[in-house]
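Heads up, the thing below is written out as structure tokens.
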Amino acid sequence: MKDRSILLGLGFDAKDKHKRISYGKNFYILGGSKQTHQIMQESCIKFNEELDKRHKDLDNISRKEFREIAYKIGLEPQQSRGKEQ
């Protein structure tokens, strides 16, 4: 099996003991309240839409591109932009 990159969302704020699990292209989401889980799903979908616009896969983007996309869809604060690691 080939290694591949994924987006992983973990939520720990569920109070209703409901087990929420979602997965899709490039992502797995586990747990969270209904609201948190929904926000994580929407974020993963937006991230994948941005990858599609760039004709790229999660496996072949740089850390800088990852942060740019995360910032563009509202996942990462602006101050971390531009620092290549």
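FYI, it's all coordinate maths here, none of it is from the lab. Quick caveat: nothing in here was measured; it's all calculated off a predicted structure. No Cβ is skipped: glycine too gets one built from the backbone with ideal geometry, and neighbour counts run over all protein chains shown.
Among Arg67, Arg54, the ranking by other beta carbons within 10 Å of each residue's beta carbon, starting with the fewest, stands as Arg54, Arg67.
Every helix of 4 or more DSSP H residues in the chain counts as -39500 (n - 2.57), and over all residues that averages to -11500 deg cm²/dmol at 222 nm. For the stretch 18-26, 3J(HN,Hα) computed residue by residue from phi via the Karplus equation (6.51, -1.76, 1.60; θ = phi - 60°) reads 6, 8, 9, 9, 9, 8, x, 4, 6 Hz, glycine and proline entered as x.
The Asn60 and Leu30 beta-carbon pair, evaluated with R₀ = 35 Å, returns a calculated FRET efficiency of approximately 0.85. Remark: relative contact order (the chain) = 22 percent; criterion is Cα-Cα distance under 8 angstrom and separation of 6 or more residues. Counting beta carbons within 10 Å around each of Asp16, Asp59 and listing the fewest first gives the order Asp16, Asp59. For the stretch 7-78, the share of DSSP beta bridges that are antiparallel, to the nearest 5, is 45%.
Taking a threshold of 20 Å on the Cα-Cα distance, which of the pairs Lys46/Lys72; Lys2/Lys56; Lys15/Lys46 fall above it? Checking Cα-Cα distances, Lys15/Lys46 exceed 20 Å. Helix 34-53 and the longest principal axis of the Cα set of the chain meet at an angle near 20°. Listed by chain and number, the lysines placed with their C-alpha closer than 19 angstrom to that of Lys19 are Lys34; residues fewer than eight positions away on the same chain are left out. Compared with the direct C-alpha span, the chain from Leu10 to Leu75 gains 22.0 nm at full extension, assuming 0.36 nm per residue.
About its Cα centre, the dipole of the chain is roughly 140 debye, where the only charges are +1 on Lys and Arg Cβ and -1 on Asp and Glu Cβ.
Just one of (i) 10.9; (ii) 7.2; (iii) 6.6 is mean projected area of the Cα convex hull in nm² calculated from these coordinates, so which is it? So the structure-derived entry is (iii).
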